[in-house]
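J.: Sharing a structure here in structure tokens format.
The values are calculated or read from the model by the stated rules, or taken from the named source; none is laboratory data. Since we're looking at a predicted model, the values are computed, not measured. For neighbour counting, all protein chains shown are included, and Cβ atoms are generated from backbone atoms with ideal geometry for every residue, glycine included. These area figures cover heavy atoms from the full protein model, side chains too; ligands, DNA and RNA do not enter into them. Shrake-Rupley method; radii C 1.70, N 1.55, O 1.52, S 1.80 Å.
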Amino acid sequence: TSTMTQLPYDYYSLPFCKPPKVMNAVENLGEVLHGSVIHNSPYDVFFGTSNFKVLCKVDLLEGGAGKQFAKKIREDYRVQLIMDNLPAATKMLQKLSDGQTVTLYDRGFRLGFVGTERLAGTTPGTPYLNNHLRFVIKFHRSDAYEGARIVGFEVEAYSVAHKYSGEWKDDP
């Protein structure tokens with residue numbers, strides 16, 4: 001979604017990493033009327049574990065992939081994910097004029113950002129893709145039930161410049 005264009009795009013219309021088989025899920029009539037399509041993702045998340053995984057390698061210079069991402073970044077697109085029917089949120093801290101800090105949440109996460117002179121290490125006017133995601137999954141345990149319940153899903157999105165030497169091997 002984007003506040004600049006108001007046109008939602010299918011997540012996999014961009015060359016994101018895909019699971020072996022993309023499946024659609026319709027949860028309710030509201031999603032159908034809104035035009036929201038829920039797809040599965042290639043992310044494997046296991047409760048109580050913390051791990052790092054490379055999903056895939058995408059050459060952004062091949063087939064115009066970089067230009068597709070750059071266009072959507074310039075149009076300020078956000079990615080919407082859900083986990084256990086909870087929408088992903090980006091946590092933001094804002095300092096008020098009285099010195100207090102407030103926590104705000106924005107739905108989804110930015111696909112990327114455009115470099116400016118104020119952002120150290122960026123080139124002004126150059127789009128940067130948020131190619132790393134950190135999931136913060138908040139949960140609640142209770143004696144009233146077994147296990148735990150997910151009560152919050154935050155995404156911290158980063159743009160990381162990769163330099164890789166050697167031969168790339170996909171995980172089996």
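J.: Farthest toward the dipole's positive end in the chain, which of Ala148, Leu119, Thr3, given Cβ charges of +1 (Lys, Arg) and -1 (Asp, Glu) about the Cα centre?
T.: Leu119
J.: Quick check for you: with a 1.4 Å probe and neighbouring chains kept, what is the accessible area per residue of the chain, in Å²?
T.: 75 Å²
J.: Still on this structure, I have one more. Keeping the other protein chains in place, figure out the carbon and sulfur percent of the accessible area of the chain, with a 1.4 Å probe.
T.: Taking all protein chains in place, the chain shows 53 percent carbon and sulfur surface.
J.: In the structure shown, do any of Lys72/Lys169; Lys138/Lys163; Lys57/Lys91; Lys53/Lys169 have a Cα-Cα gap over 21 Å, and if so which?
T.: Lys72/Lys169; Lys138/Lys163; Lys57/Lys91
J.: If you take the square roots of the eigenvalues of the alpha-carbon gyration tensor of the range 28-134 and sort them as a ≥ b ≥ c, do you get rounded (a/c under 1.5), prolate (a/b over b/c) or oblate?
T.: Note, shape of the range 28-134 comes out rounded.
J.: Filter the trypsin sites (Lys or Arg not before Pro) in the range 11-109 down to the DSSP loop ones having no more than 15 other Cβ atoms within 10 Å, then list what survives.
T.: Answer by residue number: Lys21, Lys53, Lys57.
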